[in-house]
Structure formats: structure tokens, C-alpha cells
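Remarks on the structure that follows.
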Ligand code: MF3
Ligand code: CO
């Protein structure tokens, strides 16, 4: 497994992409009120991407199993939808939780990030799910540094999620990112024998898309007949946060931020 390492200029190029991703997520969060159709988020995302001279990483992304390519610039996943929801006519409603995932390339470098947003007032349990998932990603960012093993990072995320009574999705994982959206290594959000057997030593210059997906109930998921939309097996809600993060001398550098 060859993990590419980026120099400071390449990391700055990824930061430029990351800022656009963060801008889109911020705008979509503002629009996340009752009555907004999931396609409205797509229109706004595509508009900002074009205005910034960026290119969507998701639109027309080939299906992993030979199905239709992903048809939009943003994944919009509502409630029991875990990831890869396809924008359409459905309007979001008070009490829903909505996950947005956006990736762009600018000047040859990529940024990829996601967040889950409540629509109006949501149940305490749903808000807790959102908070715990955001915290898991924050814990990863605080833990990442050169010389640490990925299993140590993943273990901290997993513990935080499970102590809250929630479960970590295992069928989908984070990934290296750079000139391509998906680079080595694969970054599970949990510890398993495979990871311990072939652990990943983080080194300065690695750039990682860390993306915990957390379910309120079972960790098991299935894919809808559209070929993309991942839903929880028990149809209980799910949350997703993602940042593109560089491993740097001082620890970690979150590239997908408005103020990055
Ligand atoms: N953040 C997701 C990923 O890392 C989004 C991919 S959506 C797709 O895979 F449509 F591009 F596949
Ligand atoms: Co990703």
C-alpha cells in the first residue's frame, strides 16, 4: 500500500478546495429548514461549485458495483439514510436530521467533507447522535499526529460512540485523499483484526478524509434499489461528519474549514 505524502504547497492547494467545500456546507446548513427539497440543496451546491471554478468530485462518480454513476454534486441523506442519498423532490421536515457530503477539486487537488444538521427542533436523542458523531471526528483530529497508529485514532472514535450507546458503521470507511478523492489507505472508524494486522503509521504529509458514520441503533446497513442510498437496517437515524485532515509536524491540520 503506497500512501502518498504531500508537501506544503500541495496541502495548501487542498486547503483551497477544502474552503470551498466548507462554504458549500455552511450555505446548505442555512437552507436546512422545513420545506426545502433535497434537490434545492443540489442546485445551490452546483451553483457555488461553478462560481468558484471548482469541479464536483461526486457528480458522475462511477458506481462501486457497476450501477449508474452518482447523479449529483452533494449527497443528501435524511434520517435513516446513512450516506450517498440522492437529491430529489422530497422536502425536509421539522425533526429530521440531514447529512450533507460534498467534494470538489480545484487546481488538481481535492477536498471532501460532510456534516449532519437538524431541521428545526429535533428529539434529544437525535441531537445527541449528531453531537456524538461530531465529537468523534473532533477526537480524531485531536489525536492525529505523525508517529501514531491509525488504530489508536479509530479506537478513540469507536469508544466515544459506543459509550454513548450508539454504533459505528463498518461497511463504509474513510480514505486517503489528494489529487484523487479516494487514495490509500482505507480508514475504518473502528478497530478490527484486519486493521491491527496491517496498521497504518501516520506520517507527516499524509492527507486523510476521516468520516465517522454513526447509527442510533444497529450498525448494520443496506443499500436501496437506486444503487446508492445507504440506509440503516433497522431504519433508525444515522449521522455523518467528515473532514479532510493533513498530518503535520504539530499534529493535524483540518483543511475543510471556512477559516483554513
Ligand atoms: N465522502 C464520500 C466518499 O468518500 C462521498 C462519495 S459520494 C460519491 O466516498 F458519489 F462520490 F461516491
Ligand atoms: Co469521503
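No value in this document is a laboratory result; all are computed from the given coordinates. Note that the coordinates shown come from a computational prediction; the quantities given were computed from them, not determined experimentally. Here Cβ is always computed from backbone atoms with ideal geometry, including for glycine, and neighbour counts include all displayed protein chains.
Overview of results
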| read-out | value |
| --- | --- |
| Inter-label distance for residue 162 and residue 39, nm, one decimal - labels placed 7 Å from Cα along Cα-to-Cβ | 4.4 nm |
| Residue among 28, 201, 149 with the largest mean-square fluctuation in a Gaussian network model of the chain, springs linking Cα atoms under 10 Å | 201 |
| Structure-based [θ]222 nm, the chain - -39500 (n - 2.57) summed over DSSP H runs of at least 4, per residue, nearest 500 | -9500 deg cm²/dmol |
| Residue of 118, 71, 62 that the Gaussian network model of the chain assigns the largest fluctuation, springs spanning Cα pairs under 10 Å | 62 |
| Overall Cα dimensions of the chain - principal axes, largest extent first, Å | 46, 43, 37 |
| Whole-Å distance, taken between Cα centres, linking the range 58-131 and the range 133-187 | 18 Å |
| Within a Gaussian network of the chain (alpha carbon springs, distance under 10 Å), most fluctuating of 178, 88, 66 | 66 |
